[in-house]
1. Going by the conditions given, is B:GLY56 open to solvent by 40 Å² or more (accessible area, probe 1.4 Å), in contact with an Asp or Glu (Cβ under 7 Å, 6 or more places away or on another chain) and outside any loop (DSSP other than H, G, I, E, B)?
2. Look through region B:275-314, keep the residues that are open to solvent by 80 Å² or more (accessible area, probe 1.4 Å) and within 26 Å of the chain's Cα centre (by Cα), and return whichever of them is modelled with the highest pLDDT.
3. Name the residue that is modelled with the lowest pLDDT, counting only residues in region A:139-168 that are open to solvent by 10 Å² or more (accessible area, probe 1.4 Å) and small (Gly, Ala, Ser).
4. Is at least one residue of region B:183-195 open to solvent by 50 Å² or more (accessible area, probe 1.4 Å) and either part of a helix (DSSP H, G or I) or not assigned by TED's automatic domain parsing to the domain that holds B:TYR50 (or both)?
5. Here are some conditions: (1) open to solvent by 30 Å² or more (accessible area, probe 1.4 Å); (2) touching a Pro at 6+ places or on another chain (Cβ under 7 Å). A:PRO82 meets all but one. Which one does it not meet?
6. Sort out which residues of region B:16-37 are small (Gly, Ala, Ser), over 17 Å from B:ARG200 (Cβ atoms) and more than 14 Å from chain A (Cβ to nearest Cβ), and write them in order of number.
7. Residues of region B:109-129 being within 24 Å of A:ASN2 (Cα to Cα) and within 14 Å of chain A (Cβ to nearest Cβ), which ones?
8. Looking only at residues that are out of contact with any Pro (no Cβ under 9 Å at 6 or more places or on another chain), under 24 Å from A:LEU18 (Cβ atoms) and of a type in the set (Gly, Ala, Ser) in region B:79-131, which one is most open to solvent (accessible area, probe 1.4 Å)?
Amino acid sequence: MNAILTIARRELSSMFRLPVGWVVIALFLLLTASVFALTLTPGAPASLRDFFGISAWLLMPVAPAISMRLLAEEHRTGSDEPLLTAPVSDIGIILGKYLGAWLFMACMLAPTLIYPTLLFIVSDPKPDPGPILAGYCSLILQGSLYLAIGTAVSSMTSSQTLAYLATLFPILGLLLLGTVSPEALPDWGRAVINAVSISARAGDFARGIIDTAHIVFFSAGTALFLMLAHTGLASRRWR
Amino acid sequence: MILVREIQKSFGRVDAVRGMSFTIEPGEVVALLGPNGAGKSTTIRMITSYLSPDEGSVRIDGYDTQTDSLEVRQRIGYLPESAPLYPEMRVIDFLDYRARLFHLPRGARAKAIGQVMDRCRIAAVARRRIGHLSKGYRQRVGLASALLHNPPVLILDEPSNGLDPSQIRETRSLVHELAENRTMIICSHILPEVERLATRLIVIAGGRKLADGTLGDLLAQHTAPQLVVEVQGDLQAFQASLGDVCGVRAIMQKPTKDPGWTILTIDTLPSAPDPRPEIACRAASASIALRELREVKPSLERVFMDLIESPETIATSTPHHAEATH
């Protein structure tokens with residue numbers, strides 16, 4: 001456990017030491033601030049429903065930018081050699097790297113709490129806290145899944161660019177699945193799309209519904225991709 | 001003790017290591033010597049458990065690198081080639097990070113970091129970012145990080161690679177100090193370096209072990225002294241007369257700056273009687289003027305070149321084997 005925290009701490013501080021970390025945070029905050037300002041309607045009840053809906057899409061390009069260097073960069077520079085010969089298990093390395101990236105994402109999302117705070121201060125009647133809580137739940141769960149996909153991809157390549165693109169497109173695919181017209185598909189196709197569609201689940205969260213099935217879906221997906229990341233890392237010893 | 005048994009490793013169709021075996025006793029300083037692509041780094045990476053052998057096994061102090069990998073890693077200090085570090089980290093933060101990875105308790109961490117910084121003479125750069133350090137300092141930081149947990153086995157892959165002469169000298173003296181009380185494997189193709197440091201040499205080429213022993217053993221087993229003879233006169237007849245002298249293996253001829261004088265380099269056969277008296281007699285009887293006849297002691301470089309250029313080595317090192325690196 002200590003080794004996981006050690007790796008996570010190094011990963012997190014490394015992201016703040018590099019320009020890319022600050023650029024990612026600045027870009028995300030700039031875009032979410034624009035979304036917040038543009039989705040508020042004077043006279044309408046205070047709600048962050050649109051804000052959360054669009055922010056979930058904003059995570060799509062941001063999460064791969066966080067995860068792309070986790071293992072790919074280590075492999076490219078050779079710094080994975082001291083790491084993989086330290087007395088830490090492969091799963092410990094993966095969890096440490098992932099936790100570091102996850103904490104960075106949390107640091108990136110934390111300043112957006114100012115938007116609901118503002119709404120609570122200035123709007124009358126006050127916004128319903130349920131959908132806001134569910135919205136943050138949704139962002140964190142989606143971000144966790146995206147980072148796990150990125151960690152898995154990063155464990156299989158030494159190119160950050162490749163890691164970014166190979167993470168971005170599956171996420172895009174998962175998000176777009178929800179927009180496919182189900183009527184054009186056979187029953188089994190509709191069932192598959194409903195099962196893996198992120199958009200539909202994010203829609204539920206936006207309405208303030210925290211469904212256990214959705215939490216299980218994102219958690220299981222995250223665990224699955226972290227297992228893939230472990231396999232990717234372990235396979236480096238055989239390649 | 002390090003036990004390497006019949007390890008093999010291929011990358012695709014490239015056989016990087018083919019059936020390597022050796023044993024290293026505690027306290028030995030062993031150099032793995034070989035040309036680029038010989039399989040040295042791959043062998044070391046299998047010993048450190050960074051890579052898994054396709055076949056064979058490696059055991060360190062009785063622990064198998066496959067089944068007891070974490071135990072093995074706790075016993076090894078490893079400096080990979082080019083000391084890959086995190087350039088954005090400060091030296092002290094990096095050492096603290098490594099100390100935590102090696103499970104050093106809180107109280108022992110600061111003490112261990114202080115000791116290795118003193119030992120590797122990097123205290124002056126403790127607060128500097130690794131990316132801003134010279135290559136020599138980065139190498140020392142890498143070495144310091146490998147020593148933090150005071151490992152009984154130290155493995156250094158090309159510790160002088162890319163350093164300038166003064167940095168090479170500093171690194172060499174540091175490694176010499178470190179070799180005093182631990183088992184050490186040094187991987188290098190810089191012969192004078194290993195000649196000074198190692199108590200035993202293992203020569204590798206084409207993924208195979210070609211020779212294994214002390215410097216004295218290798219010199220005795222794999223090469224014989226050369227003779228340098230400077231002569232003037234009818235060389236054709238003289239060279240022909242040397243053909244049947246016992247102990248003479250081959251003769252090479254090269255001109256000197258003095259007109260009429262020629263240098264003959266004579267390869268002798270190991271464990272044959274000294275042929276110098278007979279050569280002097282033959283020169284006298286052929287009316288050859290003899291200005292110099294001296295023995296050149298065999299060197300590690302010559303042993304090394306003889307081994308890696310021997311017909312057997314070339315025959316077993318097909319082109320794709322010779323390129324094997326990872």
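1. Numbers: open to solvent by 40 Å² or more (accessible area, probe 1.4 Å): yes; in contact with an Asp or Glu (Cβ under 7 Å, 6 or more places away or on another chain): yes; outside any loop (DSSP other than H, G, I, E, B): yes.
Here the answer is yes, as B:GLY56 does meet what is asked.
2. B:GLU301
3. This residue is A:SER158.
4. Yes, the conditions are met somewhere in region B:183-195.
5. (1)
6. Taking region B:16-37 first, the residues small (Gly, Ala, Ser) are B:16, B:19, B:21, B:27, B:31, B:34, B:37.
In the following step, the residues that additionally are over 17 Å from B:ARG200 (Cβ atoms) were identified as B:16, B:19, B:37.
Answer for region B:16-37, where residues must be small (Gly, Ala, Ser), over 17 Å from B:ARG200 (Cβ atoms) and more than 14 Å from chain A (Cβ to nearest Cβ): B:GLY19, B:GLY37.
7. Of everything in region B:109-129, just one residue is within 24 Å of A:ASN2 (Cα to Cα) and within 14 Å of chain A (Cβ to nearest Cβ), namely B:ARG109.
8. B:SER82
The values are calculated or read from the model by the stated rules, or taken from the named source; none is laboratory data. Note that the structure is predicted; figures quoted are calculated from it, not measured. Ideal geometry is used to build each Cβ from the backbone, glycine not excepted, and the neighbour counts take in all protein chains shown. Heavy atoms of the whole protein, side chains included, go into the accessibility calculation; ligands, DNA and RNA do not. Shrake-Rupley method; radii C 1.70, N 1.55, O 1.52, S 1.80 Å.
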